[in-house]
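Undergrad: Before anything else, here's the structure in question.
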Amino acid sequence: MGRLGARMLARLAGAAVMAVAAANAADEKTVVTIYAETRLNPVIAILDDTIQSTLQSRSANPIRFDIEYLDLSWFGGPGGEDLHARVLREKYAGRKLDVVIVCGEAAIAFVLRERAALFPGVPIVFCLADYETIDATTLEPDVTGVTMLMDWTGAVDLVLGLHPATKRVAFVGGSGPTAYRWERNARRKFAKFGNRVEFVYLTGLPMAELLKSVAGLPDGTVGLFNVFLRDSAGRTFTTSEALELVSRASSVPMYGMSESMFGYGIVGGPIIDLAGQGRAAAELARRILVGERLGPADIVAQHANPYLFDARQLERWRIAEDKLPPDSVVRFRQLPTWYLYRRQILLAAALVALQTLLIAALLLERRQRKRAERRLDERLRFETLISDLAATFLEIGAVEVDRKMDHALRRIVEELRVDRASIIEFSGGELRVTHSSRQKEVAYLPAVLDVAGLPWIAQRLCRGEVVSWSRPDELPPEAAIDRKTIASLGVKSLVLLPFVLGKGEGGVLACSLLRDERKWDDEWWRGCTSSPRSSRW
């Protein structure tokens, strides 16, 4: 190919690249998302992440996101919204926008008021808006969104159900447009309760004064926590930061309704699903991007707020779970030590069992064979090693315990001249092999043994009894099922030494011979099981 042909190919390739880029640019959709508050607010972070991830995963077109955080509670102030309007008007003048997503009532009111100047003709999708506020607002034909239920009535009903002696409800909140909107909404809803309960409003206070007030709340009071982004002294917070301070100082339990409060000090409440709000708003925006015309008739009502509770707060305020509403979800339960460290405890107990059996075996060998002084000294050194391991097993991690366990099982196989030595854990209806060592030509045990195939043996092990036989025909007639299972495993002689960690929990050390029979001496394990249930570790 000549130089001229190469130039023509290069030009064609460049033109193709430019055509693809132009096509991608034509297909790209621009979405503007506007939030009432800063992304430092956990509510905004949840909504922002959910909206972007949902749209990007559900849309066939590339999407450009322009994101605006108005920070109205932190930096609103006199003339703040006018300044935002001027900046946004200049920023987006002449830009082609496909949809605007607005989150938070203060931002929604701002955008709807300034829409003609800021986003003329651009479809609007809103979320995190109280349904009563939206019902009272006249919306244009291309405005739709997702409403939420600020269930203050349900929250008070919950409080009175869990605390029947409640005489007053302390409403705790901060300053700023969002806090004031929610407080006005709450005051309207509280009118339903009339003289049934007194409402005290601890709002618009400096944080230091608020902490003193909640610390001095009398008996018969329960708190309801509102959004808190700024105190009256101008100090800024996130709601979760403010709630942690108030909850620690409070003399009474606190309840709330926002997902951003959960886990930071509230007992619980009818919690608004923030991620659900974001997903629903993103789905409406996606439908608009593919050409659907949506309006007020397409508004999604998310009013089924689940009851969520913090187990730590239930325990702190001594609230019984059986008093909670049906279908309540309780999180942050503290697991018992056994469930948190079950494996480490079991491995440690197995090490103690190994130590006991090895020491007994070494003493028996010394008495029966009268080995030479050199061999006796070697065994005594090994006994000392096992004792040291047992004394230090609590100071080593689970991985180190595994290595020590495998080493000890290998020594049992070598010193006792057995074909296989295993640690088996009781687990429900199963016997699960956790560690095993064997002679080279001997197969490993199956990883799991069904208790149904070993009923006679399992019954005795659960009672803490040692099970042993020199040959299978020593088993009694009632162990017929066990004899069949043992035969399938090829075992001729066997010793099973149980260790028990608690009621129904424990394991067993198994030493078996597959090629020969051996007469076992009961003195090997007599020191381990001086009573039927003495093998507790």
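Undergrad: For a label point 7 Å from the Cα of residue 56 along Cα→C-beta, name the residues of region 29-49 whose backbone N is under 20 Å from it.
TA: 29-35, 39-49
Undergrad: Run the simple label-point estimate for residue 195 and residue 447 please: 7 Å along Cα→C-beta, distance reported in nm.
TA: Result: 7.1 nm between the two label points.
Undergrad: In straight Cα distance, which aspartates and glutamates are under 14 Å from residue 492, not counting same-chain residues fewer than 8 positions off?
TA: Cross-link targets: 419, 473, 474, 482, 516, 517.
Undergrad: Quote the convex hull volume per residue of region 42-192, based on C-alpha atoms, as a whole number of Å³.
TA: Output value, Cα hull per residue: 146 Å³.
Undergrad: Oh, and also: How much length, in nm to one decimal, is gained on full extension between residue 82 and residue 329, taken as 0.36 nm per residue of separation minus their Cα-Cα distance?
TA: Computed gain between residue 82 and residue 329 is 84.5 nm.
Undergrad: Cα centroids of region 254-324 and region 117-137: how far apart, whole angstrom?
TA: 20
Undergrad: Cut-off is 10 Å between beta-carbons; in what order do 261, 148 appear when sorted fewest neighbours first?
TA: Ascending number of Cβ neighbours within 10 Å: 148, 261.
Undergrad: Under 9 Å from the Cβ of residue 272, count the other residues' Cβ atoms, weight Lys and Arg +1, Asp and Glu -1, and hand me the total.
TA: Net charge in that neighbourhood comes out at -3.
Undergrad: Give the aspartates and glutamates whose C-alpha is closer than 18 Å to that of residue 91, dropping any in the same chain fewer than 8 places away, or say none.
TA: 66, 68, 71, 81, 82, 114
Undergrad: Another question, then. Provide the net charge surrounding residue 33, with neighbours chosen by a C-beta distance below 9 Å and charges set as Lys +1, Arg +1, Asp -1, Glu -1.
TA: In short, -3.
Undergrad: How high is the FRET efficiency from residue 300 to residue 430, r the C-beta distance, R0 35 Å, rounded to 0.05?
TA: Efficiency computed from Cβ-Cβ geometry: 0.15.
Undergrad: Past 30 Å, Cα to Cα: identify those pairs from 29/189; 404/484; 167/212, in the order given.
TA: Distance filter (> 30 Å) returns 29/189; 404/484.
Undergrad: Taking 0.36 nm per residue of separation and subtracting the Cα-Cα distance, what length does fully extending residue 488 through residue 187 add?
TA: 100.8 nm
Undergrad: Separate question: What list of ³J(HN,Hα) values in whole Hz, one per residue of region 198-212 in order, does the Karplus curve 6.51 cos²θ - 1.76 cosθ + 1.60 (θ = phi - 60°) give from phi, with Gly and Pro shown as x?
TA: Running phi through 6.51 cos²θ - 1.76 cosθ + 1.60 with θ = phi - 60° gives 8, 10, 10, 10, 9, 10, x, 10, x, 4, 4, 5, 5, 5, 5 Hz.
Undergrad: Let me ask another. What is the calculated FRET efficiency for residue 315 to residue 460, with r their C-beta to C-beta distance and R₀ = 51 Å, to the nearest 0.05?
TA: So, using R0 = 51 Å, E works out to roughly 0.80.
Here, each number is a calculation from the coordinates, and none is a lab measurement. None of these values were measured; they are calculated from a predicted model. Cβ: placed from backbone, ideal geometry, glycine included. Neighbour counts: every protein chain shown.
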